[in-house]
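S.K.: I have a structure I would like to understand better, so I am pasting it below and will then ask my questions one at a time.
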Amino acid sequence: MTANITTKFSPAEIKSEGLTLDEYQMICDRLGREPNKAELGMFGVMWSEHCCYKNSRPLLKQFPTTGDRILVGPGENAGVVKITDDIAISFKIESHNRPSAVEPYQGAATGVGGILRDIFTMGARPVAILNSLRFGELSDPWVRSRVNGIVNGIAGYGNCIGVPTVGGEVYFDKAYNRNPLVNAMAIGIMETKEIVKSGASGTGNPVIYVGSTTGRDGMKGASFASAEISDKSEQSRSAVQVGDPFLEKALVEACLEAFKTGAVVAAQDMGAAGLTCSTSEMAAKGGVGVVLDLDKIPARETGMTPYEYLLSESQERMLFVAHKGREAELIEIFERWGLHAVVAGEVLAEPIVRILWHGEVAAEIPATALADNTPIYHRQLGDTPDYAKKAWAWDEKAEIATFPSITPNDALLQLLDTPAIASKAWIYRQYDHQVQNNTVIFPGGADAAVIRLRSQGFGVGELGTAESQIDSLVGVAATVDCNARYVYLDPYEGAKLAVAEAARNLSCVGSEPLSVTDNLNFGSPENAIGYWQLHEACRGIADACRELSTPVTGGNVSLYNETIDSDGNSQPIYPTPVIGMVGLVEDVTKVVGQGWKGVGDAIYLLGSDRSSLAASEYLALVIGEVTGRPQPVDFELERKVQFACRQGIAQGLVQSAHDCSEGGLAVAIAESCISGNLTAQIQLVNADDSHLTQVLFGEGASRIVVSVKQGDRIAWETYLTSQLGNSWQHIGTVSDAASDLEIIVGGKKAIAVSLSQITKNFNEAISKRMGHIF
């Protein structure tokens, strides 16, 4: 559209809805006329990146999405995976980044509430929450205020609704100084006989609004979530929703009860874009239309306009399509739980969304124009950026010779005192991780969370029809992972490493990796570097998921994670494609943690002894350089190492298992000491002490540290040789707590530190910076 075309709206008004002038012309083309104010707002939220994925959808199509256990893949409120013939789980991850930056408590709290609604909308009872958080440097008071608010918000909602927060990850880096990331993942166990879908059907069927009232909070939240953060973002607090976990608890119970009646045809959470999204998506997915009368919507404020009703993101609301004649049955259930439930519309044969207000048509739009027939941008992939070329040219051997002198002891203690590596107990101790009494491993105890799954006895279609609750040994393990520095320095390899690490963490508790949900947090795709990062990371995820047979069931895209300062300069975050992964635990009594179990146990390193300081935590935090190219994953070795670890756990041979990740081998060993309250005597006889720093702190994929009882060594080593060939080594023995942790490299003692020293640094790193030591 050119600037001289006369429209109802000024360019500034169009831009305020998150739309370009070209997109405004597309709207006019789809409608055959100019939109009114309400319709413009509807297009603004539905055509935001948060809702329509207009920059990322072409890239997401390459993800593998099918598999023997996948019951529901991308396109619904959440994915569903078969665990056993009687048990299926629903899971998904989503972001609430911008709201949490502006109003940290409510931004994070409603992020938890929103992901939980995605889960129980499928007919699943939420049983676990995980979160992936990114913050800036804790020396910054603004960052500390966000840490406090966000952690309190997650705790406030999750603890009150009665769903345990069982795991997660937290990183601190200046790349997130004014742009924290809050990614919430939830898991639920299916309770209904049939999976509840969101596509409307049945002309004349009633559309029922249920849950809380509608107000002016969360206005245009989807558009806000698709914009950069600037000095003016604090003025957007009205775009942040306000949650009520106690009301949502009632909504969980009412919805699950309603679903079991068989009276519900379809259900949709009112999350991003509120009534606009729920009406248009339900209609488009069903190939039908919906008429909705705003005068029947329960409102908490007076004088609301159609624009405000349609763009409100008030929380704890749902939209149902019911079988005609069964409305009263459903309304009674919700009213008994103290919730609103009103017939507000019906299903139309004509595939449009028609909004009524005061007896007149306030908006009328083809459903597909809002939900499917949206702008899609196929952007041109540019050359490798100069910053990456420079990083890839980094010469490790030459650069190590220039490093400042620091003893391995001091380097280890410094790394353990770094918030990104250190214990996150200050954070997770604020969460209730034991409610529901199904948490098998507490946070901080292992590389992945594990919960017991208790079948509710309803079955899911072909999954079975048991009549009573079944207590079994079956569980699910879950993790969220991403080393964003790896992805920044090499998006393709970094994304593959994130998928591999997630699977490795599941394997470290004895769980078979099954499926992935991803949260793609990136900067602007309109920037050549930003698009290159997004494109290459998506390619890496797709390739890694195929290699590890972990299809993607859905997820979330959060772009434009950039901070614009008062001078107009934009600073993007590190590209952060968070991988949420779930795995099958066949027997929860056999899972292991990361801590040593017994004095005298033998310690082994499984996998490659190949490591590098490129892109490492040591290089960034001790030396102060972010450069180098992370080592690529050898997927053949990765699969073998993970399988060997899982089999060792299943056979009762492996007593503990811990992935070698940030900080390398020395940090992994120290963490196992701290977790088990025991130390270790390590001898790396095959290592060269001339490459001491690389051996101790270098990083690489496909490496797991395990411990085995002395009496099981022969059986274990025989198995390792058959499975891994020479890709393993016996490296030491577990010692008592009074002994120092000693690591000898090539016959020379490199590290000798007490358990109390490493424990103090590790446990107090975050709390002392936050001003509160437990």
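The values are calculated or read from the model by the stated rules, or taken from the named source; none is laboratory data. Predicted, not measured: the structure shown is a model, and the values here were computed from it. Positions of Cβ are generated from backbone atoms using ideal geometry, with glycine treated the same way; all protein chains shown enter the neighbour counts. Side chains are part of the model used for accessible areas, which takes the heavy atoms of the whole protein and leaves out ligands, DNA and RNA. Shrake-Rupley method; radii C 1.70, N 1.55, O 1.52, S 1.80 Å.
S.K.: Taking ILE529 as the residue in question, decide whether it is hydrophobic (A, V, I, L, M, F, W, C), modelled with pLDDT under 95 and surrounded by fewer than 24 Cβ atoms within 10 Å (Cβ to Cβ).
M.R.: Criteria not met by ILE529.
S.K.: Somewhere in the range 51-71, is a residue in contact with a Ser or Thr (Cβ under 7 Å, 6 or more places away or on another chain), among the aliphatic types (A, V, I, L, M) and at pLDDT 95 or above?
M.R.: yes
S.K.: Moving on. Starting from residues that are open to solvent by 10 Å² or more (accessible area, probe 1.4 Å) and among the polar types (S, T, N, Q), keep the ones in the range 156-197 and report whichever is nearest to GLY123 (Cα to Cα).
M.R.: Only one residue fits best here, namely ASN159.
S.K.: Another question, then. Using the structure shown, decide if ASP118 is assigned to a loop (DSSP other than H, G, I, E, B) and either under 24 Å from PRO245 (Cβ atoms) or out of contact with any Lys or Arg (no Cβ under 9 Å at 6 or more places or on another chain) (or both).
M.R.: no
S.K.: Go through the range 127-145 and give me each residue that's buried (at least 24 other Cβ atoms within 10 Å of the Cβ) and either assigned to a helix (DSSP H, G or I) or touching a Phe, Trp or Tyr at 6+ places or on another chain (Cβ under 6 Å) (or both).
M.R.: Hits for the range 127-145 are ARG134, PHE135.
S.K.: Right, next: Checking the conditions here, which among VAL474, VAL499, VAL516 is modelled with pLDDT of 95 or more, in a strand (DSSP E or B) and surrounded by 22 or more Cβ atoms within 10 Å (Cβ to Cβ)?
M.R.: VAL516
S.K.: Mind telling me which of the residues LYS61, LYS37, LYS54 ends up being over 29 Å from ILE154 (Cβ atoms), open to solvent by less than 30 Å² (accessible area, probe 1.4 Å) and among the basic types (Lys, Arg)?
M.R.: The unique qualifying residue is LYS54.
S.K.: When the range 391-428 is examined, which residues are found to be in a helix (DSSP H, G or I), surrounded by fewer than 20 Cβ atoms within 10 Å (Cβ to Cβ) and not basic (Lys, Arg)?
M.R.: Within the range 391-428, TRP392, GLU396, ALA398, GLU399, ILE400, ASN409, ASP410, LEU413, GLN414, ALA425 qualify.
S.K.: Another one. Tell me, which residue of the range 338-390 that is under 30 Å from TYR531 (Cβ atoms) and acidic (Asp, Glu) is least open to solvent (accessible area, probe 1.4 Å)?
M.R.: Checking each candidate, the answer is ASP372.
S.K.: LEU381 passes all but one of (1) in a strand (DSSP E or B); (2) more than 26 Å from the chain's Cα centre (by Cα); which number fails?
M.R.: For LEU381, the exception is condition (1).
S.K.: Can you tell me which of GLY79, GLY107 is under 28 Å from LEU453 (Cα atoms) and buried (at least 21 other Cβ atoms within 10 Å of the Cβ)?
M.R.: Only one candidate passes the filter, namely GLY79.
S.K.: Residues of the range 480-496 being in a helix (DSSP H, G or I) and not aliphatic (A, V, I, L, M), which ones?
M.R.: Across the range 480-496, the qualifying residues are ARG485, TYR486, TYR488, PRO491, TYR492, GLU493, GLY494, LYS496.
S.K.: Using beta carbons and a limit of 9 Å, which pairs, at least six apart or on different chains, have the first residue in the range 635-651 and open to solvent by less than 60 Å² (accessible area, probe 1.4 Å) and the second one of a type in the set (Lys, Arg)?
M.R.: PHE635/LYS496; GLU638/ARG504; VAL641/ARG504; VAL641/ARG703; GLN642/ARG504; CYS645/ARG504; ILE649/LYS590; ALA650/LYS590
S.K.: For the range 210-228, give me each residue that is modelled with pLDDT of 95 or more and surrounded by fewer than 24 Cβ atoms within 10 Å (Cβ to Cβ).
M.R.: Of everything in the range 210-228, those that are modelled with pLDDT of 95 or more and surrounded by fewer than 24 Cβ atoms within 10 Å (Cβ to Cβ) turn out to be SER212, THR213.
S.K.: Let me ask something else about it. Restricted to the range 561-601, and to residues that are touching a Phe, Trp or Tyr at 6+ places or on another chain (Cβ under 8 Å) and assigned to a strand (DSSP E or B), which residue is most open to solvent (accessible area, probe 1.4 Å)?
M.R.: PRO572
S.K.: Quick one: in the range 695-713, which of the residues that are of a type in the set (A, V, I, L, M, F, W, C) and farther than 17 Å from VAL745 by Cα is surrounded by the fewest Cβ atoms within 10 Å (Cβ to Cβ)?
M.R.: VAL708
S.K.: Considering only residues that are of a type in the set (Asp, Glu) and either over 24 Å from GLU313 (Cβ atoms) or open to solvent by 10 Å² or more (accessible area, probe 1.4 Å) (or both), which ones fall in the range 17-34?
M.R.: The answer is ASP22, ASP29, GLU34.
S.K.: Answer yes or no as to whether ARG713 is charged (D, E, K, R) and under 30 Å from GLU493 (Cα atoms).
M.R.: It is false that ARG713 is charged (D, E, K, R) and under 30 Å from GLU493 (Cα atoms).
S.K.: Another question about this same structure. Look at VAL734 and say whether it is among the hydrophobic types (A, V, I, L, M, F, W, C) and in contact with a strand residue (DSSP E or B) (Cβ under 7 Å, 6 or more places away or on another chain).
M.R.: yes
S.K.: Ok, one more. Would you mind finding the one in ARG546, ARG504, ARG539 that is more than 16 Å from the chain's Cα centre (by Cα), part of a helix (DSSP H, G or I) and surrounded by 24 or more Cβ atoms within 10 Å (Cβ to Cβ)?
M.R.: Criteria check complete, one pass: ARG504.
S.K.: Condition first: hydrophobic (A, V, I, L, M, F, W, C) and under 24 Å from TYR486 (Cβ atoms). Now tell me which residues in the range 645-683 satisfy that.
M.R.: CYS645, ALA657, CYS660, LEU665, ALA666, VAL667, ALA668, ILE669, ALA670
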